[in-house]
Amino acid sequence: MLRTGKVVSAGNGELEVCFERPEACAHCGACGGQKEETLVKIPGDAPVGRWIDVDMPEGQVLKASVLAYVLPLVMLLAGLALGSVLFSQEALWAVVGIACMGLSWLVLRLIEKRMRRQEKWRPKIVFVHGEGEIPADPMCGNT
């Protein structure tokens, strides 16, 4: 998946890149529907203010999305089921469910650190646009 974004900060071999929210995300609502732009940290080197083309491994993006959304949901449901077995009060079911969901976020954080070290999960800069060159229909502070 090739995406074009604007470098907003750079340092220590890492860039913070502003990407326009994809059209597919428009109806998700996970961000509250208020964000038109997304800041992503990626490894690489490019001058601040330049537009870059970034290749994001499409299959890996899908896998990461499934992990990020499905694992917490499964852990919440598993926690609710466990709570119903252990306790008779529904409020305690919710506590166990939320605790399990919190545990899933810790697991995801550990998985993320591991994934960042693997080349197949890393987005790669494929092109740095020239100074003053702006892609068609830019966002990221240019609207």
What is the residue count in the stretch 83-105 for residues that are among the polar types (S, T, N, Q) and closer than 17 Å to ALA68 by Cβ?
-> 1
Can you name the residue in the stretch 27-52 that is among the charged types (D, E, K, R) and under 24 Å from GLU112 (Cβ atoms) and, of all such residues, is modelled with the highest pLDDT?
-> ASP45
Over the stretch 88-124, the set of residues in contact with a helix residue (DSSP H, G or I) (Cβ under 9 Å, 6 or more places away or on another chain) and of a type in the set (Asp, Glu) is GLU90, GLU112
Would you check which residues across the stretch 40-92 are surrounded by 14 or more Cβ atoms within 10 Å (Cβ to Cβ), aliphatic (A, V, I, L, M) and within 24 Å of ASN12 (Cα to Cα) and list them?
-> VAL40, ILE42, ALA46, ILE52, VAL54, MET56
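The values are calculated or read from the model by the stated rules, or taken from the named source; none is laboratory data. This one's a predicted model, so the numbers in the text were calculated from it and none came from an experiment. Positions of Cβ are generated from backbone atoms using ideal geometry, with glycine treated the same way; all protein chains shown enter the neighbour counts.
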